[in-house]
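Below is one structure; the comments refer to it alone.
The values are calculated or read from the model by the stated rules, or taken from the named source; none is laboratory data. It should be emphasised that the depicted structure is a prediction, and the values quoted were computed from it without experimental measurement. Cβ coordinates were reconstructed from backbone atoms using ideal geometry, including for glycine residues, and neighbour counts include every protein chain displayed. Calculation scope for accessible area: heavy atoms of the full protein, side chains included, ligands and nucleic acids excluded. Shrake-Rupley method; radii C 1.70, N 1.55, O 1.52, S 1.80 Å.
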Amino acid sequence: MTTLITNIRQLINTREQNQLLRGKALADLPVIDDAFILIEDGIIAEYGAMYELELKVPQLPKVIIDADGQLVLPTWCDSHTHLVFAKTREEEFIDKIKGMSYAEIAAKGGGILNSAAKLNAASEAELFNSAWQRLEEISKLGTGAVEIKSGYGLSVEGELKMLRVIKKLKEKSSLSIKSTFLGAHTYPVAYKEDHQGYINSIINEMLPVIAKEKLADYIDVFCETGFFSPPEMETICQAGMSYGLKPKLHVNQLNSIGGIESAIKLNAVSVDHLETMTDGDVKLLSSSNTIGTLLPTAAFFLRMNYQPARTLIDNNCAIALATDYNPGSSPSGNMNFVIALSCIQMKMLPEEAINAATINGAYAMELEKELGSITIGKKANLIFTKPIPSLAYLPYSFGNNLIDKVMISGEFI
Ligand code: NIG
Ligand code: FE
């Protein structure tokens, strides 16, 4: 099936070639005014300015859609979520309002352990159904590709159950999905006094089955004071890498304890969170191929300092933006709000935020060959905006839903 979309007021993020954007290049967002796009079997086949249409598309297809002045851009690439979970955690939200800290809530069995207890009690079908609804919700908000982590199982059965749910989501959803094994999210109650025992379970009991059933693309570790140390992270990642899982890691959310250095040594695809960065961390990241993934809604929700986006960009680090969608620190998978916060609170330019949420997000999931920009041969995953005066209006008018329609693989959802 061939579809031609005409009269697009601005076609945004058009790129002939792929490039991971860093430094000044992050602000360079190519746009074609008064444009068309041609889609064949779900793939972008041609695009250009309306005045080039006759030349580039000599034979018009039967299906022609008039975009009537809408802006069209690639769908968001959300490269960090935990959107498979059993229950929401509003009670902790209230505890926090009353003054309890994240660490205090975790210490009294709340936090990740609370989610783990609920997840282990839930069936695979229940988990699938609730996660499916979340996927539907985020796709309507413009997300076309998403990474999903395990990490609320914290037992052999629980972790495998979560990863099997993610595998099923991958099979059934039209969104592009990547799966990450986060067995090392925290130490489960049973191994509170036996950290090595749990690491052994990850390495000897979980990883072999995950590899055999092809349940994950990446391996993740929550590297933080009171959770996993950099040497523990290295041990776990080395084991994952021996099965072909590349590291995508939680580091520097609460403390800077050497996680960045270890992650770069491991050649991690990305280091995620980065609320707490030293000058040394920034320097290391800037001279590496590892992407820094910023999760501003987690900082917002936990009332923490935002990630130092400006410092990272100005020091030539490659950064992406993601939601961290999870019940504890970011109960929202809305990339539009992530982009608005990035501009409002982290002083990113709208162009920088959109690049970080599309092409760089695609790189952070190694999906850059199929998604993240308007490029011939990539999937036609597109956002059609409501009538808005300019691109900058997207983050400016925060909290409003400015998306009219979303197309995934050439089909409106
Ligand atoms: O990315 N920081 C670790 N993990 C999650 C939060 C998990 C939770 O509280 O359930 C995060 O913010
Ligand atoms: Fe996370």
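Residues that are within 16 Å of ligand 2 (Cβ to nearest atom) and modelled with pLDDT of 95 or more within the stretch 90-132 comprise Ser115, Ala116, Leu119, Ala131, listed in sequence order.
Please indicate, with yes or no, whether at least one residue in the stretch 164-186 is touching a Ser or Thr at 6+ places or on another chain (Cβ under 7 Å), open to solvent by 10 Å² or more (accessible area, probe 1.4 Å), under 16 Å from Phe227 (Cβ atoms) and not small (Gly, Ala, Ser). Scanning the stretch 164-186 turns up no residue that is touching a Ser or Thr at 6+ places or on another chain (Cβ under 7 Å), open to solvent by 10 Å² or more (accessible area, probe 1.4 Å), under 16 Å from Phe227 (Cβ atoms) and not small (Gly, Ala, Ser).
Pick from Glu46, Glu16, Glu40: which is acidic (Asp, Glu), more than 19 Å from Met407 (Cβ to Cβ) and not assigned by TED's automatic domain parsing to the domain that holds Leu349? Write out each step before concluding.
Values: Glu46 fails: more than 19 Å from Met407 (Cβ to Cβ); Glu40 fails: more than 19 Å from Met407 (Cβ to Cβ).
After ruling out the rest, the residue left standing is Glu16.
Which residues, taken from the stretch 89-103, are part of a helix (DSSP H, G or I) and within 27 Å of Gln133 (Cβ to Cβ)? Spell out how you get there, then give the answer.
Applying the first criterion (part of a helix (DSSP H, G or I)) to the stretch 89-103 yields 90-97, 102-103.
The answer is Glu90, Glu91, Glu92, Phe93, Ile94, Asp95, Lys96, Ile97, Tyr102.
Taking Ala27 as the residue in question, decide whether it is among the small types (Gly, Ala, Ser) and touching a residue at least 40 places away in the same chain (Cβ under 8 Å).
Yes: the conditions hold for Ala27.
Taking the stretch 256-300 as the range and being open to solvent by 10 Å² or more (accessible area, probe 1.4 Å), over 16 Å from Glu232 (Cα atoms) and within 15 Å of ligand 1 (Cβ to nearest atom) as the test, the residues that pass are Glu275, Thr276, Phe300. Pick from the stretch 231-255 the residues that are away from ligand 1 (no atom under 16 Å from the Cβ) and open to solvent by less than 40 Å² (accessible area, probe 1.4 Å): which of them is farthest from Asn204 (Cα to Cα)? Within the stretch 231-255, the match that is farthest from Asn204 (Cα to Cα) is Leu245. Summed over the stretch 301-330, the residues that are more than 14 Å from ligand 2 (Cβ to nearest atom) and either of a type in the set (S, T, N, Q) or outside any loop (DSSP other than H, G, I, E, B) (or both) give a count of 11. In the stretch 311-328, the residues that are in contact (Cβ under 8 Å) with a residue 40 or more places away in the chain and at positive phi reach residues that are in a loop (DSSP other than H, G, I, E, B) and not aromatic (Phe, Trp, Tyr) with C-beta atoms within less than 7 angstrom, at least six apart or across chains, in these pairs: Asp324/His80; Asp324/Thr81; Asp324/Leu295. Screening the stretch 187-220 for residues that are closer than 20 Å to Phe85 by Cβ and among the charged types (D, E, K, R) and picking the one that is surrounded by the fewest Cβ atoms within 10 Å (Cβ to Cβ) gives Asp217.
Out of curiosity, is Glu351 open to solvent by 10 Å² or more (accessible area, probe 1.4 Å), assigned by TED's automatic domain parsing to the domain that holds Asn267, touching a residue at least 40 places away in the same chain (Cβ under 8 Å) and not β-branched (Val, Ile, Thr)? Walk me through it before giving the result.
Values: open to solvent by 10 Å² or more (accessible area, probe 1.4 Å): yes; assigned by TED's automatic domain parsing to the domain that holds Asn267: yes; touching a residue at least 40 places away in the same chain (Cβ under 8 Å): yes; not β-branched (Val, Ile, Thr): yes.
Judged against the criteria, Glu351 is a match.
Remark: Ala45 matches the filter, which requires a residue to be away from ligand 1 (no atom under 16 Å from the Cβ), open to solvent by less than 60 Å² (accessible area, probe 1.4 Å) and not in a helix (DSSP H, G or I).
Once the stretch 314-334 is narrowed to residues that are open to solvent by less than 10 Å² (accessible area, probe 1.4 Å) and more than 16 Å from ligand 1 (Cβ to nearest atom), the residue that is nearest to the chain's Cα centre (by Cα) is Ile319. Taking the stated definitions as given, is Thr75 at pLDDT 95 or above, within 16 Å of ligand 2 (Cβ to nearest atom) and polar (S, T, N, Q)? When the stated conditions are applied, Thr75 does not pass them. Screening the stretch 139-163 for residues that are acidic (Asp, Glu) and either open to solvent by less than 10 Å² (accessible area, probe 1.4 Å) or not assigned by TED's automatic domain parsing to the domain that holds Phe228 (or both) and picking the one that is farthest from ligand 1 (Cβ to nearest atom) gives Glu159.
All of Ala86, Ala35, Ala131 fail the test of being assigned to a strand (DSSP E or B) and either in contact with a helix residue (DSSP H, G or I) (Cβ under 7 Å, 6 or more places away or on another chain) or free of Cβ contacts under 8 Å to residues at least 12 places away in the same chain (or both), apart from Ala35.
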